[in-house]
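Asker: Have a look at this one before I ask anything.
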Amino acid sequence: MLRLIVQRLLLLIPLLLGLSVLLFAWVRALPGGPATALLGERATPEAIARINTLYGFDQPIPVQYLKYLTRLLQGDFGVSTRTGRPVLDEFMTRFPATIELTVVALVIAIGIGIPLGYIAARRAGSFIDHSSVVASLIGVTVPVFFLAFILKYIFAVELGWFPSTGRQDPTMVATHPTNFYVLDGLLTGEWDAAWDALVHLILPGIALGSIPLAIVTRMTRAAVSEVQNADYVRTARAKGIKPARLRGEHILRNSMLPVLTTIGLQVGLLLSGAVLTETVFAFAGIGSFLAEAVFNADYPVMQGFVLMIAIVYALVNLLVDVSYGLIDPRLRRQQ
Amino acid sequence: MSDTADQKTPGTAPDAAPATAAATAPATAPDTVPDSVPDAVPDSVPDAVPDDVVLRVEDLCVDFRTENGAARAVSNASLTVKRGQTVAIVGESGSGKTTLAMAVLGLLASNGSVAEGHIWFKDEDLGHVSAQRMAQLRGTELGLVPQDPMTNLDPIMRIGQQIDEGLIDNGLRSRRDARTRTVELLDEVGLPDAGRRASQYPHEFSGGMRQRALIAMGLSGRPALLVADEPTSALDVTVQRGILDQLAGLTEDLGTAVLLITHDLGLAAERADVVVVMYHGEIVEQGPARQVLTAPQHEYTKRLMAAAPSLASRRIEIARERGLEDVLDDALLAPGEDAAANGAPDADVLVSVKDVSKVFSIRGSGLLSRSRDFTAVDGVSLDIPRGSTVAVVGESGSGKSTLARMILDIEKPTTGSITFDGGLVGAGGHKDQIAYRRRVQPVFQDPYSSLDPLYSVFRAIEEPLRAHSYGDVAKRRARVEELADQVALSKSQLQRFPAELSGGQRQRVAIARALALSPELVVCDEAVSALDVVVQAQILQLLAGLQEELGLTYLFITHDLAVVRQIADRVLVMQEGRVVEEGTVDTVFDSPATDYTRALLDAIPGRDLELAL
């Protein structure tokens with residue numbers, strides 16, 4: 001297990017190095033070079049020359065890359081050209097919001113997807129089975145932003161059950177020690193603030209969770225269908241064990257192996273899907289900030305955020321692999 | 001086989017008497033057992049339901065719902081199992097033997113159901129009790145030892161826990177005491193170091209150890225009836241014997257009745273009191289084991305007997321059989337000529353393996369542990385004369401398959417050399433390799449997984465022709481049809497897909513595919529191991545016929561000595577990568593020189609039966 005973790009962490013190094021090269025090359029390859037990107041297309045040649053000297057864009061490419069890499073290692077991801085604040089600070093203030101949203105989306109996907117997929121497989125051919133298949137097809141095919149608009153229109157604008165935008169009611173007076181708004185409310189005892197933040201997460205959470213929900217449902221259904229016909233399940237029945245134990249210990253646990261892998265892959269999609277969902281709901285997470293950075297040609301933010309999302313993604317998948325080993329003893333020794 | 005049939009001596013009569021009663025009991029049962037039997041006290045029918053009858057199946061019919069309506073898998077089956085008795089149900093796959101057993105346990109697949117008849121277990125009809133009652137009986141009164149130890153244990157649960165849970169749920173032990181009992185049970189089935197083993201996972205167990213754990217599991221509730229569904233067919237022969245001895249010893253001590261499901265007539269003969277032969281869902285014959293085997297009444301039983309490799313004594317003499325059938329003189333002459341050619345010193349050695357070794361390096365398991373070497377094949381030499389059959393025998397892990405892979409040029413030897421028809425194998429470039437592949441073809445073990453499920457039979461056989469750019473479309477078609485004819489596949493079968501074929505038919509396809517490029521050497525790696533005995537005999541006949549017709553040379557890799565006797569001229573016995581014995585089949589079988597060979601021979605089920613009869 002330790003070996004697996006160390007191995008995977010070591011693998012992260014070449015991955016991040018490769019990514020940093022790509023991100024570095026990307027900005028250098030922009031038309032007009034990074035100075036034009038920074039100052040806009042109508043910048044005077046003098047201004048461009050000044051910026052080039054200031055930021056060292058006139059130096060040889062390898063030297064520039066090494067400097068870029070050194071700054072990265074020191075935690076310096078550059079400064080946002082739009083807000084003038086360090087990219088790392090921008091990321092850290094917004095990341096908790098996206099984590100909250102991702103967690104809600106995952107809770108919806110796992111909390112509904114696994115039971116639904118399980119029931120569908122156990123009652124193959126039933127109404128529940130057929131409707132889950134149809135619903136999950138719809139879930140996968142409907143674009144996230146479209147679903148987000150529909151949800152917002154019906155439940156926020158028309159029915160008024162949920163707030164339509166933001167992380168918290170602007171009139172709410174609340175302190176934010178961690179920037180996880182729901183957690184903040186709970187920590188400080190500001191119950192109304194916690195509740196308000198949670199309510200703000202529901203619609204974006206459903207929109208963001210729709211695709212993972214559909215995929216987790218289908219994956220669970222397929223895995224349970226297979227496992228429930230496995231020889232060892234029949235043997236377990238022949239032992240005369242209680243149905244609850246058969247379902248929980250044998251069928252469900254074995255079915256979770258492929259589902260877990262799927263969930264790990266979904267986390268990456270959730271992070272990128274957050275761009276659309278957060279924009280629709282004006283939710284102040286990394287997704288909406290990244291979208292704004294794209295509109296404003298804020299390259300340091302784009303570079304830094306992509307790199308950090310990649311690190312998060314790799315770490316989440318490492319976590320999934322480790323938990324895989326916890327469930328499946330066969331993987332503990334081999335990997 | 002005729003000699004066994006002749007020996008229908010009076011000596012077997014005493015054994016026959018009691019079991020004949022058992023066999024005839026079902027016939028009288030419907031009259032004497034009223035429908036209301038669950039209510040009736042045993043005293044009211046003292047003769048029909050003797051106390052020592054554990055299971056009585058009466059006119060049982062089992063149906064499976066399919067898209068084309070109900071399919072009957074078992075029809076009108078009747079049999080009786082008494083306390084302490086072992087009753088074997090023998091038949092090919094698809095004969096309904098496993099379905100019958102699963103009906104008894106209430107473990108039919110969800111689309112299966114008891115359509116008619118009764119399954120009397122003590123005084124309950126298992127065909128008609130509630131699911132709850134059935135679940136109560138399983139694990140306490142009814143036990144199961146399943147077929148494949150590799151797939152019948154939950155891979156992610158510790159062995160001990162898998163036995164504990166049965167003990168706890170059946171109320172036999174408390175949560176706290178269960179493990180102590182589990183260790184006792186594992187100890188009882190001969191698992192060494194049971195206490196430590198109990199906390200291991202299935203993948204840390206060998207096949208034989210897993211099967212022992214499954215036996216411990218099946219007997220953990222001290223059932224009155226144990227269903228053993230092919231309990232050893234997935235294991236090596238030497239392991240098989242130990243496990244069967246253990247099972248027999250335990251059930252005898254505990255007085256457990258055993259319903260043994262098997263396709264192996266030799267095993268049934270050796271282990272059962274009563275043999276029940278099933279064919280196409282019906283019981284075609286039943287009676288005391290000896291009686292059924294010495295004087296089979298039904299046509300199918302006779303076929304099964306004739307095909308059983310463990311009971312057959314000689315190599316298939318295809319020419320002689322043909323001679324009897326066709327009265328063709330030249331067919332009679334052919335093998336004599338072959339033998340003469342083979343007899344000539346160094347006449348024509350097709351393959352020569354000289355002092356070949358293969359070393360694999362195995363990755364270490366710890367964080368910093370280094371890889372270590374594993375010698376799979378250790379200094380093996382052998383010659384395969386053209387037109388002959390050489391068999392390499394050994395258990396799994398003996399290195400026999402690695403040897404075959406080296407001869408097929410799939411693996412390279414670490415040291416030593418292999419020459420084929422005078423040329424060094426694996427010495428040339430890519431082109432030489434392709435040319436070599438034309439001359440040497442494999443037939444692999446599992447006909448279910450070695451054919452592409454999306455390729456029709458025609459395409460599967462045509463593929464090597466295409467790959468080696470053989471002729472045009474019409475010429476290839478003609479060749480495929482010729483090949484199909486050689487392996488006795490009909491033209492209509494060429495358009496089918498593997499899923500629509502039986503195991504035997506698939507193996508015919510695999511053989512046709514192998515023969516497509518007119519190879520000189522065919523390497524059969526456990527080519528008949530996955531087949532039923534009757535089909536196995538047919539395929540071996542086919543191979544023998546093709547050898548004579550096409551002058552093929554065979555290298556037969558197998559763990560089954562009985563098969564060797566039917567097909568091979570020479571045999572090599574391998575153990576742990578080394579050849580421990582080599583000789584003609586007759587020499588090795590009649591006077592084995594090493595203990596290992598003797599153990600392998602002794603492990604063939606039903607071997608001493610020939611002597612006893």
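The values are calculated or read from the model by the stated rules, or taken from the named source; none is laboratory data. Bear in mind that the values here come from a model prediction, so they are computed numbers and not experimental data. Using ideal geometry, Cβ is built from the backbone for each residue, glycine included, and neighbour counts are taken over all protein chains shown. Calculation scope for accessible area: heavy atoms of the full protein, side chains included, ligands and nucleic acids excluded. Shrake-Rupley method; radii C 1.70, N 1.55, O 1.52, S 1.80 Å.
Asker: Any idea which residue in region A:55-66 is most open to solvent (accessible area, probe 1.4 Å), counting only those that are without any contact (Cβ under 8 Å) to a residue 12 or more places away in the chain and in contact with a helix residue (DSSP H, G or I) (Cβ under 9 Å, 6 or more places away or on another chain)?
Answerer: Out of the qualifying residues, it is A:Asp58.
Asker: In this structure, does B:Leu100 turn out to be more than 8 Å from chain A (Cβ to nearest Cβ), open to solvent by less than 10 Å² (accessible area, probe 1.4 Å) and within 29 Å of B:Gly504 (Cβ to Cβ)?
Answerer: Yes; evaluated as a whole, the condition is true for this residue.
Asker: Same structure, new question: Could you list all residues from region B:219-233 that are over 13 Å from B:Thr182 (Cβ atoms) and open to solvent by less than 10 Å² (accessible area, probe 1.4 Å)?
Answerer: Those that are over 13 Å from B:Thr182 (Cβ atoms) and open to solvent by less than 10 Å² (accessible area, probe 1.4 Å): B:Pro223, B:Leu225, B:Leu226, B:Val227, B:Ala228, B:Asp229, B:Pro231, B:Thr232.
Asker: Right, next: Testing A:Asp231 on (1) in contact with a helix residue (DSSP H, G or I) (Cβ under 7 Å, 6 or more places away or on another chain); (2) within 14 Å of chain B (Cβ to nearest Cβ), one condition comes back false. Which one is that?
Answerer: (1)
Asker: Is it fair to say B:Asp148 is more than 27 Å from B:Gly171 (Cβ to Cβ) and surrounded by fewer than 24 Cβ atoms within 10 Å (Cβ to Cβ)?
Answerer: So B:Asp148 fits the description; yes.
Asker: Considering every residue within region B:506-513, establish whether at least one is at positive phi and crowded, with 18+ Cβ neighbours inside 10 Å.
Answerer: Within region B:506-513, none of the residues are at positive phi and crowded, with 18+ Cβ neighbours inside 10 Å.
Asker: Further question on the same structure: From (1) open to solvent by 40 Å² or more (accessible area, probe 1.4 Å); (2) more than 28 Å from A:Gly285 (Cβ to Cβ), pick out the condition that doesn't hold for A:Leu9.
Answerer: Against the list (1) open to solvent by 40 Å² or more (accessible area, probe 1.4 Å); (2) more than 28 Å from A:Gly285 (Cβ to Cβ), A:Leu9 comes up short only on (2).
Asker: Can you say whether B:Val564 is surrounded by 22 or more Cβ atoms within 10 Å (Cβ to Cβ) and within 19 Å of B:Arg437 (Cα to Cα), as far as the supplied structure shows?
Answerer: Details: surrounded by 22 or more Cβ atoms within 10 Å (Cβ to Cβ): yes; within 19 Å of B:Arg437 (Cα to Cα): no.
No; evaluated as a whole, the condition is false for this residue.
Asker: Next up: If you scan region B:417-466, which residues turn out to be among the charged types (D, E, K, R) and either in contact with a Cys (Cβ under 8 Å, 6 or more places away or on another chain) or under 22 Å from B:Glu500 (Cβ atoms) (or both)?
Answerer: Answer for region B:417-466, where residues must be among the charged types (D, E, K, R) and either in contact with a Cys (Cβ under 8 Å, 6 or more places away or on another chain) or under 22 Å from B:Glu500 (Cβ atoms) (or both): B:Asp446, B:Asp452, B:Arg459, B:Glu462, B:Glu463.
Asker: Pick from region A:267-301 the residues that are among the aliphatic types (A, V, I, L, M) and open to solvent by 20 Å² or more (accessible area, probe 1.4 Å): which of them is farthest from the chain's Cα centre (by Cα)?
Answerer: A:Ala297
Asker: A further question follows. Test each condition in (1) more than 21 Å from B:Arg56 (Cα to Cα); (2) more than 14 Å from every other protein chain (Cβ to nearest Cβ) for B:Ile163 and report the one that comes out false.
Answerer: For B:Ile163, the exception is condition (2).
Asker: How many residues does region B:141-160 contain that are more than 7 Å from chain A (Cβ to nearest Cβ) and within 14 Å of B:Met209 (Cα to Cα)?
Answerer: Result for region B:141-160: 7.
Asker: Right, here's the next one. Counting just the residues of region B:110-121 that are closer than 20 Å to B:Asn76 by Cα and out of contact with any Leu (no Cβ under 8 Å at 6 or more places or on another chain), which one comes out least open to solvent (accessible area, probe 1.4 Å)?
Answerer: B:Gly112
Asker: Please go through (1) modelled with pLDDT under 85; (2) within 14 Å of chain B (Cβ to nearest Cβ) for A:Ala238 and return the number of the only condition it doesn't satisfy.
Answerer: Result: A:Ala238 passes all but (1).
Asker: Considering only region A:214-225, state which residues are in contact with a Pro (Cβ under 9 Å, 6 or more places away or on another chain) and either within 8 Å of chain B (Cβ to nearest Cβ) or open to solvent by 30 Å² or more (accessible area, probe 1.4 Å) (or both).
Answerer: A:Met219, A:Ala222
Asker: Select from region B:173-187 the residues that are part of a helix (DSSP H, G or I), in contact with a helix residue (DSSP H, G or I) (Cβ under 9 Å, 6 or more places away or on another chain) and either open to solvent by 60 Å² or more (accessible area, probe 1.4 Å) or farther than 21 Å from B:Leu244 by Cα (or both) and list them in ascending order.
Answerer: Correct list: B:Ala178, B:Arg179, B:Arg181, B:Glu184, B:Asp187.
Asker: For region A:1-53, give me the residue count where each residue is basic (Lys, Arg) and farther than 28 Å from A:Leu315 by Cα. Step through it out loud before you land on a result.
Answerer: Of all residues in region A:1-53, those basic (Lys, Arg) come to A:3, A:8, A:28, A:42, A:50.
Still in the running and farther than 28 Å from A:Leu315 by Cα: A:28, A:42, A:50.
So the count comes out to 3.
Asker: Is at least one residue of region B:78-88 closer than 27 Å to B:Leu501 by Cα and of a type in the set (Gly, Ala, Ser)?
Answerer: For region B:78-88, residues closer than 27 Å to B:Leu501 by Cα and of a type in the set (Gly, Ala, Ser): absent.
Asker: Could you list all residues from region B:210-234 that are more than 11 Å from every other protein chain (Cβ to nearest Cβ) and either at positive phi or of a type in the set (Asp, Glu) (or both)?
Answerer: B:Arg222, B:Glu230
Asker: Another question, if that's okay. Whether any residue in region B:129-138 is open to solvent by 50 Å² or more (accessible area, probe 1.4 Å), of a type in the set (D, E, K, R) and within 13 Å of chain A (Cβ to nearest Cβ) is what I want to check.
Answerer: Taking every residue of region B:129-138 in turn, at least one turns out to be open to solvent by 50 Å² or more (accessible area, probe 1.4 Å), of a type in the set (D, E, K, R) and within 13 Å of chain A (Cβ to nearest Cβ).
Asker: Surrounded by fewer than 23 Cβ atoms within 10 Å (Cβ to Cβ), on the phi > 0 side of the Ramachandran plot and in contact (Cβ under 8 Å) with a residue 12 or more places away in the chain, is that true of B:Glu526?
Answerer: Answer is yes for this residue.
Condition check ((1) in contact (Cβ under 8 Å) with a residue 24 or more places away in the chain; (2) within 23 Å of A:Ser210 (Cα to Cα); (3) open to solvent by less than 50 Å² (accessible area, probe 1.4 Å)) across all residues:
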residue: A:Phe91; (1), (2), (3): yes, no, yes
residue: A:Leu116; (1), (2), (3): yes, yes, no
residue: A:Leu151; (1), (2), (3): yes, yes, yes
residue: A:Glu158; (1), (2), (3): no, yes, no
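Asker: Evaluate the following for A:Glu249: is it crowded, with 19+ Cβ neighbours inside 10 Å, of a type in the set (Asp, Glu), farther than 30 Å from A:Glu158 by Cβ and within 14 Å of chain B (Cβ to nearest Cβ)?
Answerer: Considered against the rule, which asks whether it is crowded, with 19+ Cβ neighbours inside 10 Å, of a type in the set (Asp, Glu), farther than 30 Å from A:Glu158 by Cβ and within 14 Å of chain B (Cβ to nearest Cβ), A:Glu249 comes out as yes.
Asker: If you don't mind, there's one more thing I want to ask. Here are some residues: B:Leu600, B:Leu542, B:Leu517, B:Leu555. Which one is assigned to a loop (DSSP other than H, G, I, E, B), open to solvent by less than 50 Å² (accessible area, probe 1.4 Å) and on the phi < 0 side of the Ramachandran plot? First the steps, then the outcome.
Answerer: Values: B:Leu600 fails: assigned to a loop (DSSP other than H, G, I, E, B); B:Leu542 fails: assigned to a loop (DSSP other than H, G, I, E, B); B:Leu555 fails: assigned to a loop (DSSP other than H, G, I, E, B).
Of B:Leu600, B:Leu542, B:Leu517, B:Leu555, the one residue that is assigned to a loop (DSSP other than H, G, I, E, B), open to solvent by less than 50 Å² (accessible area, probe 1.4 Å) and on the phi < 0 side of the Ramachandran plot is B:Leu517.
Asker: Listed residues B:Asp383, B:Asp432, B:Asp409, B:Asp378; which is acidic (Asp, Glu) and open to solvent by 70 Å² or more (accessible area, probe 1.4 Å)?
Answerer: Numbers: B:Asp383 fails: open to solvent by 70 Å² or more (accessible area, probe 1.4 Å); B:Asp409 fails: open to solvent by 70 Å² or more (accessible area, probe 1.4 Å); B:Asp378 fails: open to solvent by 70 Å² or more (accessible area, probe 1.4 Å).
The match here is B:Asp432.
Asker: Filter region B:244-295 down to the residues that are free of Cβ contacts under 8 Å to residues at least 24 places away in the same chain and not in a strand (DSSP E or B), then identify the one that is nearest to B:Phe121 (Cα to Cα). Break it down into steps so the answer makes sense when it comes.
Answerer: First pass over region B:244-295, keeping only residues free of Cβ contacts under 8 Å to residues at least 24 places away in the same chain: B:245, B:249, B:253, B:284-285, B:292.
Now drop any that are not not in a strand (DSSP E or B), which leaves B:245, B:249, B:253, B:292.
Values: B:Asp245: 26, B:Gly249: 23, B:Asp253: 21, B:Val292: 26 Å.
For region B:244-295, the residue satisfying everything is B:Asp253.
Asker: Among (1) open to solvent by 30 Å² or more (accessible area, probe 1.4 Å); (2) at pLDDT below 85; (3) farther than 16 Å from B:Ala306 by Cβ, which single condition is B:Asp595 missing?
Answerer: (2)
Asker: Is there a residue being touching a Phe, Trp or Tyr at 6+ places or on another chain (Cβ under 7 Å), assigned to a helix (DSSP H, G or I) and farther than 18 Å from A:Phe305 by Cβ anywhere in region A:16-38?
Answerer: Within region A:16-38, one or more residues are touching a Phe, Trp or Tyr at 6+ places or on another chain (Cβ under 7 Å), assigned to a helix (DSSP H, G or I) and farther than 18 Å from A:Phe305 by Cβ.
Asker: Could you tell me which of the residues A:Ala35, A:Ala121 is open to solvent by less than 30 Å² (accessible area, probe 1.4 Å) and modelled with pLDDT under 85?
Answerer: Sole residue among the options that is open to solvent by less than 30 Å² (accessible area, probe 1.4 Å) and modelled with pLDDT under 85: A:Ala35.
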